[in-house]
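What follows is calculated from the coordinates using simple rules that are stated; it is not laboratory data. All of these numbers come straight from a predicted model, not from anything done at the bench. Note that each Cβ is placed from the backbone with ideal geometry, even for glycine, and that neighbours are counted across all protein chains shown.
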Amino acid sequence: MDKLPWVGVSVRRKEDERLLRGAGQFLDDLDEIAALHVAIGRCPYPHARIRGVDARAALEIPGVEAVLLGEQVIARTEPTSVLRPFPGSSRTGYFAMAHPVARYEGEAVVAVAAADRYVAEDALDRIEIDYEPLPHVVDAERALAPGAPRLHESIAGNLLVGSTSKVGDPAAAFAAAATTVSGRFRINRVTGAPIEGRGVLARWHDHSRTLELWVSTQTPHLVRAQLAQSLRMAESDVRVVAPDVGGGFGIKMCVYPEDIILSLLAIDTGRPVKWVEDRIEHFRACTHAREAVHELELAAAADGTLMAVRDRYVIDVGAYNSPFGPPMLTNVMLPGPYRLRDGEFDRRVALTNKVPMGPYRGYGQPESNFVREVLLDRLARKLGQDPAALRRKNLLRPDELPFQNISGALYDSGDYMHGLDVALDRIGYAGVRARQAEWRAQGRYVGVGISCYVEFTGYPSSAFLGRTGAGFGAYESVTIRMDRAGRAALYTGVSSFGQGTETTFAQVCASGLGLEPDDIIVHRGDSQGTPYSVGGFASRTMIAGAGAIAKATEQIRAKVFRLAAHLLGAPADRLEVAGGVVRRVDDASVQIALAEVTEAAFLAHRLPPGEDPGLEATAYFDPPVSAFGYGTVAARVEADPRTGAFDLQRYVLVHDCGTQVNPMIVEGQIHGGVAQGLGAALFEELVYDPDTGQLVNGSFVDYFLPTAADLPRFELEHLETPSPSTPLGVKGVGEGGTIGAAAAVANAVCDALSPFGVELDALPLTAESVWRALERARRR
Amino acid sequence: MTARHRIRVTVNGRSYERDVEGRRLLVDFLRHDLGLHGTHVGCEQGVCGACTVLLDGEVAKSCIMLAAQVDGHTLTTVEGLAGRGELHPVQEAFRDAHGLQCGYCTPGFLLGAVALAARGAILEGDALRAELTGNLCRCTGYQNIVEAVERYLKQTVGGATRG
Amino acid sequence: MKPAPFEYMVVDSAAQAVEALGRFDGDARCLAGGQSLVPLLNMRLMRPAAVVDINRVPGLDGIAVGDGVVRIGALVRYSTLERSALVQERLPLVARAVPFVGDRQIRNRGTLGGALCHADPAGEMALTAVTLGGSISVVSPAGRREIAVEDFFLGPYTTALGPADLLTGVSLPDGAGTAAVVVEHARRHGDFAVVSVAATGRVGPDGTWVFVRIGLGGVADRPRVAARASALLAGTRLEPEAVRAAGEAALEVVDPGSDIRASAEYRRHLVPIFVERALETLRAQVQTGAKA
């Protein structure tokens, strides 16, 4: 496609009309279908044997229809499959309900279906469960240490998987290096916390022996595949539909225990059953993310040239390996946009009595960016170099790309130095440096911090995923059907969870068919009637989806031209279509309305010989490579050395996500990513009490999501280097905003308080944590 | 089941008379008894504001009110803004500024903006952000929401006083 | 999270309310704004047998001045306090404190009476009442009585109210002509205070402070008046040395705990700093004549 009239246009979103009116259809809005409502009883202990469950009193409450117990679930289902295992991972045997042992506070132990949620919760109150608390461990390093309580019989030392990898000769590089720096960093446990929690509505169709599930999910097809496997059903007997989804961010992916529980209750009661996650359950049952401890070392020459990196880290994956488990991109993107050729990684994934870990926006990149960029600034301070100058020395230049980093990721295109320069200019870097001494003399501690990143978007082919043990492919698919009136219906398995796919897919499709986005109806998120889709995550949807749409529209356009050629008596290869009209490129008077062509296709009265009726296409696209976006964050803070409090005065992000299909939507995605990045950097943390093993702050009262008053204006600068290897030149954009936030702010605070020798190494950064860092520095 | 209470309430200009259990939450009454699904549930603790409605013209969180409490009162939900007709100016402002992504928190913000306009407040920047702390958004980072509300207030309140 | 079953009743008078509370003998809760109560009901952390809706009880929503006090009815909502010119003029400390409470929605519904009964150790209304001193009006089956504010807050979420007591209002000293400030450290805007300081006082004609009262929130099991710190400032001009001494003296009344928002150690560290900031703001208010 060389002319793409709707790509690069900030078209109004199709989603907005219904969402603004309050007419969006979210899971809990499906009142007409739901008959029974489910509440789930969850283990209050981090580790416990379930000695008995007595639900007799509950069943006597009027309106209570059914109770489902753990032993029934174990007998009737298979454990959940892991779709993205670290190679070599042990099996944790994650069933939808705990029996006979529960391994995290929040694990489902019993479920009740009743006339409404109020009655279902009354029923839970009357169910007597005899728990025998067992020793627990809620710290990853302690879990790996000898003598720790063992979570799974078959998994020694609570080590889900451990691996090491080495490229080049890091030992030699470290030995020869003029300088080394090291740091021990703690990444906080956080969760995506979309404002809409999860929900499931299950319906068993006895007449066809099929199951229909409505799920607030980003991945209907993956849920279907996993659900069928767990329930020992044929995949084609299961339908999964996503309604409008109120935010996903990676945590509404793949099958969850509740999907299986609701399916069994639907089968048992013969009635549609609905479960809506409340916020207290959400924190105890929806996947957590990111928690890790890194011991990172950098080796450098005297002039600051990076020689090698060593990262030894432990991820706290919680009690089970969830379908996606721990993030994959930590190692992969640790080298960042720098010239590094020697490195080694030692990664251990530890099981603890906490909620299982799953993917969350960034998928390992926010973590590795934080540890590397903060340590780089320490290196700069040790060498007496300016942090920007140190980075410039090591950033890859455009002529060095494509560049394969030490983890095998192939950076395709980008100008990292230009990104840095623009960020420094926008934040007024030189000006801040020039005035810092003067400000300090006035008792004002102003600092600026930088974070550079390369962003891995999409998956580099299904074959790659197969080689690395994934249970899904890298492709997307689409079916496009023209109707007689010349409009198009596009069917995608990707659901609508705020990312604007309904609009951007229509833009790409309209460009390919010579129509307008308003002429395209986008049907989404229903496994029935859409070709096999993977789903919305990993910033892959536009890369893979645009490719599928391009192929499908090309097939349709080719047939339109064949039909039009026949009707017009003109050569098919001299035709073009735009504005709903097919015309000769060299003689516009020779034309026919697209609607006439489509009608001809369906009436089939005057088809060219050998041509079938109809006008539709199904296409799959499997991206052969990943695309790498990049950016630089520059943050300015003013810090108070008495209290540790700091004011984030300015936040600049220069980013490049390749071609932007809808610039307005791209900017919104960046804003949202930055907000989550800053939320995890400055406010959020899921805290477990080491003595009780329970989650201390599992509610919106005590889990600090930032409000509008807590975040600054974000200053964005968009660069656009189209990817040389993706359809349209797009790169993924959904996750970039999260990656550089924590490091930029940490570096800014350390810069502001550098007269005191402050070093920061844990998230979130709070006034208290900065104060403690000041105290530590004073004592040194 | 405990005793039911007869309540009379006007919602979006229409009168309703219903019997409710004492413990029935206002948000559940609106959503499931009256079929007005535009008001959403995010936390049931009164933090996230997805359940925000206008109670006698002022914003209130319906997840921490009992349905029985609104007997004799007047409510506006998001469905009362445009009805079946054209979008309300506040909805247009959000659409044009891309002030929504998944749309789940949006009704609460829309009603908050309408309440500010009714009070004649032209707020912007930090002063406006301080008024919005009772509504959480996880998708937008707030920037475009702030822009949408600023535009709407300038146009509605500012425009009106420019007569 | 849905509430456990309870009996719901609307009462039309204080007498009816008190009768209902007495009948349920501690197993009934008053519903005014509900901004603290209903979340607890939803989480089933409270399971009262009855909820008594007092929103229609007449005569509890007034603000009146007289005899050197300002009387505020229990059902006065935060937003009413915020918009009241009378409060701005006569209770400047209350006016400074209210914007820190919750958010717009919570301030539209929540009541002063509810805040005082809830007795959150970090609550701004309790802090304000304790700093100003005054008395709390109560009605019970035995009749009316007043409880001095200093005797009202007994511990975290614990007051001197008995199971059949109805808080009907609070009387606070008329603060016309006083300076007032509230400063807080919190993890987020509008969030519960980690440490809060309320300070108020009056300057005499010779430029020295006739009195200063400092109250501290979030640093003990209930709001505390820093009595000796306050006393140190009488007769001074809030000079830097006096302010610093007051900040140090304020530590005498604190016994902070550690929680998800901050450690005890950090709270203790912040106390003198925030006391100093509050006092510096007071001094500046008077010097510039600023009331903001």
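Multiplying the residue separation of residue A:385 and residue A:756 by 0.36 nm and subtracting their alpha-carbon distance yields 131.8 nm. The eigenvalues of the Cα gyration tensor, multiplied by 5 and square-rooted, give region A:718-765 an equivalent ellipsoid with semi-axes of 35, 11, 7 Å from largest to smallest.
Using the alpha-carbon positions of region C:7-53, Rg (one decimal) and Dmax (whole number) come out as 10.4, 30 Å. Whole-percent P(r), region A:201-296, all Cα pairs, 5 Å bins from 0: 2, 13, 23, 24, 16, 10, 5, 3, 2, 1, 1, 0. Spread over its residues, the convex hull of the C-alpha atoms of region C:180-287 is 83 Å³ per residue. Roughly how far apart, in whole Å, are the Cα centres of region C:45-86 and region A:597-668? That distance is 53 Å. Averaged over the residues of peptide B:48-60, the number of Cβ atoms from other protein chains lying within 10 Å of each residue's Cβ is 4. Its residue count N sets the reference 2.2 N^0.38 Å, and the alpha-carbon radius of gyration of chain A equals 1.00 times that reference. Where the centroid of each part is defined by its Cα atoms, how far is region A:746-762 from region A:706-723 in Å? Going from one Cα centre to the other spans 23 Å. Only the Cβ atoms of Lys and Arg (+1) and of Asp and Glu (-1) were treated as charged; on that basis the dipole of the protein assembly as shown about its Cα centre amounts to roughly 1240 debye. For the peptide B:10-23, the mean number of other protein chain Cβ atoms found within 10 angstrom of a residue's Cβ is 2. Largest GNM mean-square fluctuation across C:19, C:252, C:241, computed for chain C with C-alpha springs under 10 Å, falls on C:241. Within chain A, which whole H helices from DSSP have a Cα span along their axis of at least 15 Å and a mean Kyte-Doolittle hydropathy of -0.5 or more, if any? Membrane-span-like by this rule: A:220-231, A:257-269, A:365-383, A:416-427, A:501-513, A:541-568, A:663-682, A:741-752. Summarised in one figure, the compactness ratio Rg/Rh of region C:37-86, Cα atoms and Kirkwood Rh, is 1.14. Largest GNM mean-square fluctuation among B:127, B:82, B:97, using chain B with Cα springs under 10 Å: B:127. Comparing B:49, A:72, A:620 along the charge dipole axis of the protein assembly as shown, the residue lying farthest to the positive side is B:49, per the Cβ-charge model. Note on region B:68-163: Cα-only Rg and Dmax are 13.5, 42 Å.
Note on region A:113-207: Cα convex hull, mean projected area over all directions, 14.9 nm². Percent of Cα pairs in region B:4-77 per distance bin of 5 Å, from zero to the largest separation: 4, 18, 31, 29, 14, 3.
Estimated from the Cβ-Cβ distance and a Förster radius of 60 angstrom, the FRET efficiency linking residue A:518 and residue C:260 is about 0.75. Here the Debye sum runs over all C-alpha atoms of region C:63-173 as equal scatterers in vacuum, and log10 of I(q)/I(0) at q = 0.17 Å⁻¹ comes out as -0.75.
Restricting the calculation to alpha carbons of chain C gives Rg and Dmax of 19.2, 63 angstrom. Set the bar at 26 Å for Cα to Cα. Now go through A:274/B:61; A:252/A:354; A:559/A:731; A:252/A:731 and name every pair that lies beyond it. Result: A:559/A:731 exceed 26 Å. The Stokes-Einstein estimate for region A:7-146, based on a Kirkwood radius over Cα pairs and taken at 4 °C with 1.567 mPa s viscosity, is a diffusion coefficient of 70 µm²/s.
Can you give me the C-alpha center-to-center distance between region A:85-142 and region A:18-77, rounded to a whole angstrom? After rounding, the separation between the Cα centres reads 13 Å. Here is how the number arises for chain A: DSSP H runs of 4 or more residues each give -39500 (n - 2.57), the sum is divided by the residue count, and the result at 222 nm is -9000 deg cm²/dmol.
With R₀ set to 22 Å, the beta-carbon distance separating residue C:157 from residue A:687 gives a calculated FRET efficiency near 0.50.
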